[in-house]
Amino acid sequence: MARLKYRYVIDVSRCYGCMSCIAACASENNIPIGVFRTWVERFVKADGTTFFLPKLCNHCDNPTCVAACPVKATYKSDEGLILTNDEKCIGCGACIQGCPYGARFINPVKGVADKCTFCSHRIPKKLPACVEVCPTSARLFLKTEILNLPVHVLKPTTGNKPQVYYLNYMGVE
Amino acid sequence: MKGLSRREFIKGLVGLGCASVFVAGYAPTIGRIISPKYQSVLPDEEGRILHSACLGCNVRCGIRINILKTDYGEVVERISGNPYHPYNRAVGLENQTKRYFSLPYHTPLKEALNYTGTICGKGEDGIHYLYDPYRILTPLKRSGARGSGKFKVISWEQLIKEVTEGGIIEETGEKIPGLREIFVYGKLKKAGFDPVEVLSEMKKDVDEIKSKIKAKEIADKEALRSHINSFKEKWQKKLSGISLHEILINPERPDLGTKANQVIFYRGRGQAHADYFYRRWIDAFGSVNWLRHTSSCQLGYYAANKLWAGVTDLQMDVHSSKVIVMAGAQMGRLHPGATGQGLLIERAALGELKIYYVNPTAPRTSANGNIVWVPVKPGTDAALAMAILRVMFEKGWYNSHFLSIPNKKAAEKAKQPVYTNATWLVILDGEEAGEILKGKHLGASHDNPIVYSSGYRDSSTVDKAELFHVGKVTIKGKEVNVKTVLQILKDETKSKTLGEWSEICGVPVQMIVKIAQDLYRNAPYSGTTVHRGLGMNPVGEYTVWSFRAIDTLLGNIHRKGGLLGRAGHLKSNDYMYDLKKVKNVSWGFPIDRHGVAYEESFEFIFSGYPAKRPWYPLTPEEIYTEAFAGIHEGYPYPIKALILYYANPVLSANYGIKFIETLKDTKRLPLFIGITTTINETYLYADYIVPDTTYLDGGTMGCQFLYASSGGVKIAETWRTPAVMPQTVKVGTCPNGHPKYASMWEFLIDVALRLGMPGFGEKAIMGNPEKEEMKDRTFSLFCVWEYIMRVFANSAMDGKDAGLIKEASPEEIKFVEKNYPLAQFKKIVPNEWKYIAYGLARGGVFTDYRSSFDENGVSTRKPPTELLQLWNEKLAKTKNSLTGKKFYGGPKYFEIRDYTGRGLKKEFEAYPFTVVFPGSPLFTKHRSMFYYWMKQIMPENFALIHPEDAKEAGIKSGDTVTIETPTGYLDVKAVIEPSVMKGVIAIPVGMGRWADTVIMKPKYFTLKDEKVNSLIEGLPPKIEIPEEAVNPVKALDELRKKILFTKSKKSYYEHLIPDNWRFSGVTPNVVSLVDSSTGNWPLLSWIGGAQNYFTVAKIVKRREGKTEVPWIIW
Amino acid sequence: MDNMVEDNVVLTIGRAKMYSAIFTALYSIYHGKSVPEESVRALKYLSPRIEDWINEIKDERLEELRGSYAFEGLKGHTYQKIMEEFYQTYGFEAKELPPDHVITLIAFMSRLIMEELQSIQRNERERALHFRVIQHRLISTHLLELLGSFEKMKPLLDLVKMDRYILFSALRDEISKSP
């Protein structure tokens, strides 16, 4: 299976919850209301310290969702992106169950399983929509496989080898 | 065949079920035979691309719009940022972090299209604004009593005719007056007079009487009456054939002005060039009543800055500041907006900037500890400022060199762009108490301010003077005490101990000292960014001023990293074509009595104090509450017509529901015209509705200036042009062949043409006589395009001559002509088109930050002011129009009090909570409920309550609580979290709508005043309006509608029904505070007349419940 | 989960397996292939009569088992459209086989029961009930009549009749319990 040729980096200290990324993704990819390819979670500590944690599909290098699909509709591309062939998908939901990050959902308009594609129709000439609109540079899309940064990944013990990296991670899931 | 017995069947099934493995093996095959109905939805391709200005909020970021051509028409498909604009800044694959700067302005467009710019969620979601099912597309007239909710479609012609000549509501028999009744210019012209000549002379005569009053030559009723009688005699004779009653509102009161003043043009969300356009219209009509929503916006902040610096708007430089005290300013909202503020946040996260977030609610991120939350008790911020100032004075942490400069010349010598009046002396007692000590007081030949520098000196003769001085001088034989301005301030800070100030505001002494230290250590790259939280309450002006005193001590004004005003902009109104000047004359007092002193009116001589209602001489902009109170009480004069544009005072003003009584009353307000995109809580009471266009389809076109600090650049203006042609109904073609669509523009033009107003029609616009090629030339104005193209021409040519705009390359011209709908009108401005195209392609005109400061770090902009005042003599001499008492003239801590100065602390005792109304980057006030990509994240608002307060009251998250304020009861969902301080309830503002072309009667509040409450009880159950009048969404394809409105019922966008999300939540405005000293009208700030963005409450009830979504985001 | 619900789940799994097994058997026969062992075993467990019946028809051609052939007049003409609209109403579409073919209807039954099962697993009681209702509609409005039109489908008809009876009792009990 090809490894992801990009690195998606999120700096949690910069996100201030403007939610522009969600609107940009919905607008760019025609996502219906109520489902999210990317989303932002909000946390408040006991002393009132607030922070936001953006999430999206991790385009894992060892994807459990691909393994779960009974019709091989979802696959890892040559560039390492996890994509779905909509025409093959039978909407059984196995991949949704199979993703430990909750990144997948049934698209109520398309009728099939859906998730973030890193805007595969735009990259690498253009940035993914969520990255280009971020006012604080909290989301970065780097065309490299090497990251020399103190990063964390979500749920590192799943064995999925998630490829979205977090800086200044505040220690929540 | 023998059938299975039931028992056998079940046994069989259960048997089948006992096996653990399920039908996974069968699923693929079955899935192939029966699969979910698949609808292919792909990301869209590129269509037309253009740069324009956003109006998701009022920050005016740039946007790049992608418009697709479909079988169903043109669809605004995707919006992203404009990389040329300093707020969006440039983003590309190769430059992703430190998104600090925009592309160099002269970057060829082709290259610029490889970059994009950041943008916030509201800007991104513009598509839901354009395709709003509640949008009105045709003119409407009410077909029932005011506020009955009944409207019918009428033709454009009928609208124009009835609004000018008068009409009848057929269904009720009511007669509605037309504007011609009060169009004095027209009456004079018809009677054979030269209106401008007559009115100019009349005005001169009135001004003469006024100056005589000022000079105390007329000091009593008899004298004034005799002058008025002479005036009447003269003019009755001169205007034989017309009664003076046809010309003046009240011939006994010529100071009130002509009857033309009886029409008000009130704008809510105004914007260039709409603002200039209807300003021009109202000037042409001859009325002084051009009013803006500023009292519900930031008037307290404006008035304070005006007192301090003579200009309304200054904020910290976002690029180079090192320490910012961000007080009462919303993270994610205040200019430069959710988009531009990204720069501040990023810099803080990288350790380049420290922000002290002085606010009852927590900052949205701590940015690696560099954004520090400083919780402060709402309304006590001035105490915090005083405490910080006290520390600064005690420790000598201020720029004494800067403060000691007493005049402009000395400032220039010291290479300072501004100077202060810190060293000037103030008279403390006697008749002239509060005045600046001047030469004339001491019998000198000059009249300059006196300072102390080895004796009392003429401030213009020394380069520096003593900062602190207490002394005595003799004026007219009497001894009086004097102090320097800075001494007064210092004494004020010392009036309480540090501990006492800390106790009042709730900020620990340690933090206060740390803030003062950080500010001083980083001066002049440190200072304050302040806004509504400080300014929008009764003592708001003094509060903001106290913070700005800190900046004064730091000496950071007009410098890199310091406090900056607004960027300059080009002469879009008169560079080539004079779009400003119209030949008419007006005088009198605006209905809201802003900017005028009671003592200027003849009434003052006749009646003395108290005035019938407050006058606000020192406020720079307009006041909703006093406008409606004025209409209601016919004070200072009765009103005939209100034209309300893009506004919603019933909802936006605190306790605005009170205005409904006035709006409903056809005697107090005979004609009410609404220009709007939807029928909201205010327009419900209109007689006529003019459908308007949004910023994406032709509304608010023009050159938008940027608010402070405008990214620090020297010149900036965002150019707004339509992405698509108007969605409203086409109403005609102008004589020069251009299409006219229903909108504010064409309405005003057609009314002007019918009335015969100067400045419309043939030869309406003059060329600028100072330009050789424009001298003696005139141009017609029959449609908006003939106006707006000339606006851009003005800016483009000014830009060209200033070396900012170049001739667009053939490639760029082709791009603009292909992509911009406005290009079809280029023939109106053939000589300027290639320069206009240059600006259009880039979405405006912007200079670069890095070249905006000189070698001393001073901004190359013209300084926003020369003088900073820590004591304002004008204020100190101004008397409160109700009490006759003089205002205190400098920064000071006051407790919240009503207009007459009566403290409200005791009244508030029964209400332990202060309710504040924060904003968030997801929405902008109340006009953004259609942003469904934002609503899905925050479908409702709530009351944020601190866990300890919640525990005491026994509330948990999701419960609905009822809070009682002095004016009413509000039901709101509670959310318990420590992001709000104890003793404070924070209700994010923007929701709680009940009318938006459909009605959803509000059930979440009741008001204590039965009369006012009945105004809501009396809401009709629905708005009756033909479905053809509304909804541009119907035309879109099914798929797109399903995507945009997935969670709504189909009838939301196919017919006309209330959709829950448009009406969810609450607005705390409805139970805001009133002022018993002004007749129970909404409580306002003293100086500015600003509305209050807070109220006080106690929790009285709770019931179980849960939030609509399992997360809390605002 | 209490006993009642546990029984419900077991019953649902059983029904799912039943329809899936029948589908697989018919599908194989339709394509002229042999019926998989697994299906045979499942059907044997269910009832010997059904097992026999599968053996009886294993060499038959099943192409004509369509509503548009079985019904006369206008009903026959439009039966394909009728079934298309039925599936579409609930968000599905038929592929590979004609929408009005018996095997397609059996596949749809399987599908609906699978959705019901997923809903039960997710504790979405309302949704599970919803799918059971659609199953009942499918049987009552279409499947029984269609099966009744073909002599060789009689044993299956009897089975489905019985299933409907079970389904109806479960539905009635469920609905009477609802608030």
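The values are calculated or read from the model by the stated rules, or taken from the named source; none is laboratory data. These numbers were taken from a predicted model, which means no experiment stands behind them. Cβ atoms come from the backbone with ideal geometry, glycine included; neighbour counts cover every protein chain shown. Ligands, DNA and RNA are excluded from the accessible area calculation, which covers all protein heavy atoms including side chains. Shrake-Rupley method; radii C 1.70, N 1.55, O 1.52, S 1.80 Å.
What to note about this one:
- Beta carbons closer than 7 Å, at least 6 apart along the sequence or on distinct chains, pair a first residue in the stretch B:256-280 that is at pLDDT 95 or above with a second that is charged (D, E, K, R) and assigned to a strand (DSSP E or B) for B:ARG267/B:ARG292; B:ASP275/B:ARG267; B:TYR278/B:ARG267.
- Filtered by the rule that a residue be within 14 Å of chain A (Cβ to nearest Cβ) and in contact with a Pro (Cβ under 8 Å, 6 or more places away or on another chain), the stretch B:1079-1114 gives B:GLU1108, B:VAL1109, B:TRP1114.
- One residue from A:GLY111, A:GLY93, A:GLY48, A:GLY34 being open to solvent by 20 Å² or more (accessible area, probe 1.4 Å), small (Gly, Ala, Ser) and closer than 26 Å to B:PRO1110 by Cβ: A:GLY34
- Every residue from the stretch B:878-909 that is in contact with an Asp or Glu (Cβ under 9 Å, 6 or more places away or on another chain) and among the hydrophobic types (A, V, I, L, M, F, W, C): B:LEU904
- Residues of the stretch B:372-408 classified as touching a strand residue (DSSP E or B) at 6+ places or on another chain (Cβ under 9 Å) and farther than 19 Å from B:LEU870 by Cβ, total: 8
- Residue that is nearest to the chain's Cα centre (by Cα) [pool: residues in the stretch B:88-101 that are touching a residue at least 12 places away in the same chain (Cβ under 8 Å) and open to solvent by less than 20 Å² (accessible area, probe 1.4 Å)]: B:ASN88
- Scanning the stretch B:1029-1078 for residues that are of a type in the set (Asp, Glu), away from chain A (no Cβ under 14 Å) and surrounded by fewer than 22 Cβ atoms within 10 Å (Cβ to Cβ) yields a single hit, B:GLU1054.
- Of all residues in the stretch B:727-759, those satisfying the criterion of being closer than 19 Å to B:LEU159 by Cα, open to solvent by less than 20 Å² (accessible area, probe 1.4 Å) and assigned to a loop (DSSP other than H, G, I, E, B) are B:THR728, B:CYS734, B:ALA742, B:SER743, B:MET757.
- Test: residue in the stretch C:45-54 that is touching a residue at least 12 places away in the same chain (Cβ under 8 Å), surrounded by 16 or more Cβ atoms within 10 Å (Cβ to Cβ), more than 10 Å from chain B (Cβ to nearest Cβ) and not in a helix (DSSP H, G or I): no
- Matching residues in the stretch C:13-44 - criterion: being free of Cβ contacts under 8 Å to residues at least 40 places away in the same chain, of a type in the set (Ser, Thr, Tyr) and open to solvent by less than 40 Å² (accessible area, probe 1.4 Å): C:THR24, C:SER28, C:SER39
- Residue within the stretch B:992-1008 that is hydrophobic (A, V, I, L, M, F, W, C) and surrounded by fewer than 22 Cβ atoms within 10 Å (Cβ to Cβ) present: yes
- Filter pass, B:MET316 being crowded, with 24+ Cβ neighbours inside 10 Å and either closer than 30 Å to B:LYS583 by Cβ or within 13 Å of another protein chain (Cβ to nearest Cβ) (or both): no
- Residue among A:PRO70, A:PRO54 that alone is within 13 Å of chain B (Cβ to nearest Cβ) and either acidic (Asp, Glu) or closer than 30 Å to B:ASN66 by Cβ (or both): A:PRO54
- Subset tally (residues that are within 14 Å of chain B (Cβ to nearest Cβ) and surrounded by fewer than 19 Cβ atoms within 10 Å (Cβ to Cβ)) for the stretch C:121-133: 1
- Of the residues making up the stretch A:139-153, just one is touching a Leu at 6+ places or on another chain (Cβ under 9 Å), assigned to a loop (DSSP other than H, G, I, E, B) and surrounded by 16 or more Cβ atoms within 10 Å (Cβ to Cβ), namely A:VAL151.
- Any hit, the stretch B:410-418, residues being within 18 Å of B:VAL485 (Cβ to Cβ) and either within 14 Å of chain A (Cβ to nearest Cβ) or of a type outside the set (Gly, Ala, Ser) (or both): yes
- Test result for B:ALA349, under 30 Å from B:GLU895 (Cβ atoms), of a type in the set (Gly, Ala, Ser) and either surrounded by 24 or more Cβ atoms within 10 Å (Cβ to Cβ) or within 11 Å of another protein chain (Cβ to nearest Cβ) (or both): no
- Looking only at the stretch B:329-383, and only at residues there that are in contact with an Asp or Glu (Cβ under 9 Å, 6 or more places away or on another chain) and among the hydroxyl-bearing types (Ser, Thr, Tyr), the one that is nearest to B:ASN58 (Cα to Cα): B:TYR356
- Condition broken by A:ASN85, with the remaining ones in (1) within 12 Å of chain B (Cβ to nearest Cβ); (2) within 28 Å of B:ALA90 (Cβ to Cβ) satisfied: (2)
- Of the residues making up the stretch C:81-103, not a single one is modelled with pLDDT under 85, touching a helix residue (DSSP H, G or I) at 6+ places or on another chain (Cβ under 6 Å), surrounded by 14 or more Cβ atoms within 10 Å (Cβ to Cβ) and assigned to a helix (DSSP H, G or I).
- Selection count, the stretch A:1-50, where residues are assigned to a loop (DSSP other than H, G, I, E, B) and either of a type in the set (Gly, Ala, Ser) or closer than 25 Å to B:SER40 by Cβ (or both): 13
- All positions within the stretch B:879-894 that are under 22 Å from B:GLN487 (Cα atoms), assigned to a loop (DSSP other than H, G, I, E, B) and open to solvent by 20 Å² or more (accessible area, probe 1.4 Å): B:PHE887, B:TYR888, B:LYS892, B:TYR893, B:PHE894
- Per the listing B:PRO375, B:PRO406, B:PRO360, the residue uniquely more than 14 Å from every other protein chain (Cβ to nearest Cβ) and either under 24 Å from B:GLY565 (Cβ atoms) or at pLDDT 95 or above (or both) is B:PRO406.
- Some residue of the stretch B:335-344 being touching a helix residue (DSSP H, G or I) at 6+ places or on another chain (Cβ under 6 Å) and among the hydroxyl-bearing types (Ser, Thr, Tyr): no
- Residue list for the stretch C:96-120, restricted to those being within 14 Å of chain B (Cβ to nearest Cβ) and over 21 Å from C:ALA21 (Cβ atoms): C:PRO98, C:PRO99, C:ASP100
- Here the stretch B:924-971 is the region considered, the condition is being open to solvent by less than 10 Å² (accessible area, probe 1.4 Å) and assigned to a strand (DSSP E or B), and the residue that is nearest to the other protein chains (Cβ to nearest Cβ) is B:LEU944.
- Residue in the stretch B:576-584 that is at pLDDT 95 or above and more than 30 Å from B:THR778 (Cα to Cα) present: no
- Close pairs (6 angstrom Cβ cut-off, 6 or more residues apart or separate chains): under 22 Å from B:PHE782 (Cβ atoms) and open to solvent by less than 20 Å² (accessible area, probe 1.4 Å) in the stretch B:801-826, in a helix (DSSP H, G or I) and aromatic (Phe, Trp, Tyr) anywhere: B:PHE825/B:TRP785
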